[in-house]
Amino acid sequence: MTKHPNPIETMEPAAVSELMRAGKILLIDVREPAEYAMQRIHGALLYPLSTFDAAALPDDGERRIVFHCGSGKRSLTAAEKRLANGHPHAAHMRGGIAEWKAAGLPVIEL
């Protein structure tokens with residue numbers, strides 16, 4: 001994948017949690033459906049990277065889209081795809097759901 005001139009913002013889980021509560025971001029989980037079913041962040045929407053289409057994402061309007069995955073690698077790829085699709089900004093959560101849990105933030109588990 002070619003590098004896009006716009007930087008991708010990397011956000012800490014605590015900041016993502018705070019901005020979600022304030023209704024300022026839309027969290028997109030790019031893990032696979034089985035991963036999402038086992039454990040997820042409340043309010044995150046599932047758009048698996050394996051079938052990811054940046055053009056199919058909801059309009060972020062007033063809320064910024066932030067991607068997350070298990071560890072931060074797939075969410076970075078999704079953010080790169082978003083930029084490549086012509087969006088002016090992209091963000092992902094550092095460390096994925098693993099770092100979210102390590103920070104003591106809540107998850108929904110099966």
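Brief remarks on what is shown
- If you go through the stretch 17-54 and keep only what is closer than 16 Å to A91 by Cα and among the polar types (S, T, N, Q), you end up with just S17.
- Qualifying residues in the stretch 7-61 (those that are free of Cβ contacts under 8 Å to residues at least 40 places away in the same chain and in contact with a Gly (Cβ under 8 Å, 6 or more places away or on another chain)) - the one surrounded by the fewest Cβ atoms within 10 Å (Cβ to Cβ): E35
- Residues located in the stretch 65-100, provided they are within 19 Å of R21 (Cβ to Cβ) and either aromatic (F, W, Y) or out of contact with any helix residue (DSSP H, G or I) (no Cβ under 8 Å at 6 or more places or on another chain) (or both): F67, I97, W100
- Test: residue in the stretch 24-47 that is of a type in the set (G, A, S) and over 24 Å from A102 (Cα atoms): no
Bear in mind these aren't lab numbers, they're just calculated from the coordinates by the rules spelled out. Everything quoted here is computed from the prediction, not taken from an experiment. Because the Cβ atoms are built from the backbone with ideal geometry, glycine has one as well, and the counts that use them run over all protein chains shown.
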